[in-house]
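Single-structure report; data block below.
The values are calculated or read from the model by the stated rules, or taken from the named source; none is laboratory data. Note that this is a predicted model, so its numbers are computed, not measured. In this analysis, Cβ positions are derived from the backbone assuming ideal geometry, glycine residues included, and neighbour counts consider all displayed protein chains. In case anyone asks, the SASA skips ligands and DNA or RNA and just uses the protein heavy atoms, side chains included. Shrake-Rupley method; radii C 1.70, N 1.55, O 1.52, S 1.80 Å.
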Amino acid sequence: MKQVTIHAAKTNLSKLIEAALSGEEIVIAKGSKPVVRLVPVSQGVFKIGLLKGKLGTGPDFFEPMDESDLHAWEGGQ
């Protein structure tokens, strides 16, 4: 574990980020009291098509409406 002061963290932020990304634990202290820990953000994997085939088919918006639906859409009862 590496502990640095806030001033040192400001001065060496790029180096501290690289150290945290390589797995080193970085603690930033105010004076001698630790206040925060610098850790990398976990990168989730984005998968395209995750729900493909699980949702079924949706409505076809290019097909003409039924007469009853069209009548109701236009304000008819």
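Relative contact order, percent, of the chain when contacts are C-alpha pairs under 8 Å separated by at least 6 residues? Write out the running numbers ahead of the final one.
Numbers: 58 pairs, mean separation 17.3, N = 77.
Normalised by residue count, the contact order of the chain is 23 percent.
Close amide H partners of Gln3, meaning residues 5 or more places away or on another chain with modelled amide H under 5 Å apart, are Val27.
Projecting label points 7 angstrom from Cα along Cα→Cβ for Phe62 and His7 puts them 6.8 nm apart. Loop-located trypsin sites (Lys or Arg not before Pro) in the chain (DSSP state other than H, G, I, E, B) with a sparse environment of at most 10 neighbouring Cβ atoms within 10 Å: Lys47, Lys52, Lys54.
Of the chymotrypsin sites (Phe, Trp or Tyr not before Pro) in region 35-77, which ones lie in a loop per DSSP and count no more than 16 other C-beta atoms within 10 Å?
Phe46, Phe61, Phe62
For region 14-60, the residue among Ser42, Val27, Ser14 whose Cα projects farthest onto the positive side of the dipole built from Cβ charges is Val27.
What's the carbon and sulfur percent of the chain's accessible surface, probe 1.4 angstrom, rounded to a whole number? Present the calculation step by step, with values, prior to reporting the outcome.
Values: 4190 of 7190 Å².
So the carbon and sulfur contribution to the accessible surface is 58 percent.
So what is log10(I(q)/I(0)) for the chain at q = 0.13, 0.22 1/Å, when the Debye sum runs over its Cα atoms only? Computed log10 I(q)/I(0) values: -0.60, -0.95. Ordered from highest to lowest accessible area with the whole protein assembly present and a 1.4 Å probe, His71, His7 read as His7, His71.
Could you provide, to the nearest whole Å², the per residue accessible area of the chain with probe 1.4 Å?
Numbers: 7190 Å² over 77 residues.
Per-residue value: 93 Å².
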